[in-house]
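A.B. asks: Quick one: the structure is below, and I'll ask about it shortly.
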Amino acid sequence: PFNFSAGPAMLPKAVMRQAQEELLNWNNTGVSVMEFSHRDPAYVKMARQAEQDLRDLLAVPDDYEVLFLQGGGRGQFSAVPQNIAAKTATVDYLDTGIWSGYAIREAQKYVREVNVAAGTVETGNGKAIAPRSDWQLSDNAAYFHYCPNETVDGIALHEIPADIQAPIVADMSSNILSEPLDVSRFGVIYAGAQKNIGPSGFAIAIVRKDLLGHPQPELSSIMDYQLQAKDGSMYNTPNTFAWYLAGLVFQWIKEQGGLAAMGEQNHRKAKTLYDYIDQSDFYRNSVHPANRSIMNVPFQLADERLDERFLLQAKDAGLMGLKGHRFVGGMRASIYNAMPLEGVNALIDFMDEFQRNA
Ligand code: PLP
């Protein structure tokens with residue numbers, strides 16, 4: 001089967017096989033990796049290697065902390081304002097989809113003003129992110145936040161916004177490690193793990209060091225970037241299994257040729273699927289071509305009464321997790337790093353056959 005689920009999502013089979021073995025016997029110890037203390041030298045060595053592999057993949061500059069945290073992507077919605085903005089601050093957010101909206105509502109609890117600088121616009125050719133020239137940025141924002149890949153809406157901002165004075169914060173939960181990235185353009189990058197990294201509940205944050213040191217007083221210690229950095233992300237017991245699995249995924253990406261290879265493959269997969277949808281009258285995607293996600297491809301059937309049959313038959317054909325998010329309906333194919341091109345081709349073959357029989 002091919003699993004098109006949005007997250008938790010498909011992970012590399014080779015990683016799953018190794019994890020299955022090491023669940024019983026890690027490092028030839030006869031003990032499960034899940035049973036190891038996070039203070040054990042062998043575990044610490046593995047954990048530090050995972051951090052180094054992530055740093056290598058993203059070429060993270062030395063003036064950034066790389067943190068392994070808990071609470072998933074949403075945990076960071078509150079961690080960010082509490083760590084790097086004063087209660088009296090104004091912060092700028094783009095509102096480009098469902099996840100941006102959640103991030104905005106969470107931030108509103110912690111700062112004086114959340115300024116929504118821009119959102120999406122309907123064009124004759126699909127939904128697009130408002131052009132940079134129309135963004136209403138604040139003069140003294142503590143940071144600028146956006147979600148480069150809206151998982152539900154399938155809307156992406158492919159360029160890092162230019163001419164932003166405030167530190168840029170990005171929720172990369174659904175596009176981290178999908179292609180090369182210039183980390184030095186960001187103040188904070190964070191991601192829930194359950195798409196391109198590993199198990200849900202886990203999160204990573206990559207934080208420029210100069211932003212640390214002025215947290216809001218009520219910030220909980222486990223969310224405190226500086227405290228976690230000082231303790232090597234082991235202030236409290238980390239999610240040891242998730243960290244281990246993330247490490248295997250980072251090694252797998254390195255073996256595939258790193259982010260350049262990943263990006264090439266991901267763009268090829270996405271183009272193949274969008275090209276097929278675009279030439280069809282039966283399926284449609286309503287995002288402007290310039291803002292289409294390469295990770296999450298929502299599509300609608302011409303007749304939504306066929307949705308249920310489509311999903312049932314897809315499942316029978318070994319194509320799982322295609323139901324769109326409950327807020328938007330329709331279909332969504334999530335094609336993260338672990339999804340091979342054959343999976344996309346199998347989906348297209350199925351879509352073609354379904355259309356012919358409809
Ligand atoms: N941000 C984005 C872009 C997401 O796609 C998700 C979850 O799918 C989240 C945040 C929330 O992540 P979590 O469920 O780990 O809190």
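Read-outs: derived from the displayed coordinates by stated rules, not from any lab. Bear in mind the structure is a predicted one, so any value in this text is a computation, not a measurement. Here Cβ is always computed from backbone atoms with ideal geometry, including for glycine, and neighbour counts include all displayed protein chains.
A.B. asks: Just for segment 187-210: of the residues that are surrounded by fewer than 21 Cβ atoms within 10 Å (Cβ to Cβ) and away from the ligand (no atom under 15 Å from the Cβ), which one is farthest from Leu245 (Cα to Cα)?
C.D. replies: Asp210
A.B. asks: Only one of Ala79, Ala107 is touching a residue at least 40 places away in the same chain (Cβ under 8 Å) and of a type in the set (A, V, I, L, M, F, W, C); which?
C.D. replies: Ala79
A.B. asks: Tell me which strands (runs of 3 or more DSSP E) are completely within segment 1-120 and hold 2 or more residues being within 16 Å of the ligand (Cβ to nearest atom) and buried (at least 22 other Cβ atoms within 10 Å of the Cβ), or say none if there are none.
C.D. replies: Once the strands (runs of 3 or more DSSP E) in segment 1-120 are filtered for at least 2 residues that are within 16 Å of the ligand (Cβ to nearest atom) and buried (at least 22 other Cβ atoms within 10 Å of the Cβ), what remains is 64-70, 90-94.
A.B. asks: Please enumerate the residues belonging to segment 234-270 that are touching a helix residue (DSSP H, G or I) at 6+ places or on another chain (Cβ under 8 Å) and among the polar types (S, T, N, Q).
C.D. replies: Across segment 234-270, the qualifying residues are Asn236, Thr240, Gln251, Gln256, Gln265.
A.B. asks: Related question: Just to verify a result, which residue in segment 272-291, among those that are in contact (Cβ under 8 Å) with a residue 40 or more places away in the chain, more than 20 Å from Gly343 (Cα to Cα) and not in a strand (DSSP E or B), is nearest to the chain's Cα centre (by Cα)?
C.D. replies: Asn291
A.B. asks: If you don't mind, there's one more thing I want to ask. Where the second residue is in a strand (DSSP E or B) and among the acidic types (Asp, Glu) and the first is more than 16 Å from the ligand (Cβ to nearest atom) and lies in segment 135-155, which pairs have Cβ atoms under 8 Å and are six or more apart or on separate chains?
C.D. replies: As it stands, the answer is Leu137/Asp92; Ser138/Asp92; Ser138/Glu113; Ala141/Asp92; Tyr143/Asp92; Phe144/Asp92, since those pairs meet every condition given.
A.B. asks: When you go through (1) surrounded by fewer than 20 Cβ atoms within 10 Å (Cβ to Cβ); (2) over 28 Å from Arg17 (Cα atoms) one by one for Pro298, which number turns out not to apply?
C.D. replies: Tallying (1) surrounded by fewer than 20 Cβ atoms within 10 Å (Cβ to Cβ); (2) over 28 Å from Arg17 (Cα atoms), Pro298 fails exactly one: (1).
A.B. asks: Additional query: Based on this model, can you work out whether Ser220 counts as among the hydroxyl-bearing types (Ser, Thr, Tyr) and under 25 Å from Glu21 (Cβ atoms)?
C.D. replies: No; evaluated as a whole, the condition is false for this residue.
A.B. asks: As an exercise: evaluate Val183 against (1) more than 22 Å from Asn266 (Cα to Cα); (2) surrounded by fewer than 24 Cβ atoms within 10 Å (Cβ to Cβ) and give the number of the one condition it does not meet.
C.D. replies: (1)
A.B. asks: A follow-up question, please. Can you name the residue in segment 124-140 that is of a type outside the set (Asp, Glu) and assigned to a helix (DSSP H, G or I) and, of all such residues, is surrounded by the fewest Cβ atoms within 10 Å (Cβ to Cβ)?
C.D. replies: Ser133
A.B. asks: Do you know which residues across segment 258-283 are in contact with a strand residue (DSSP E or B) (Cβ under 9 Å, 6 or more places away or on another chain) and surrounded by fewer than 15 Cβ atoms within 10 Å (Cβ to Cβ)?
C.D. replies: Selection gives Asp278 alone.
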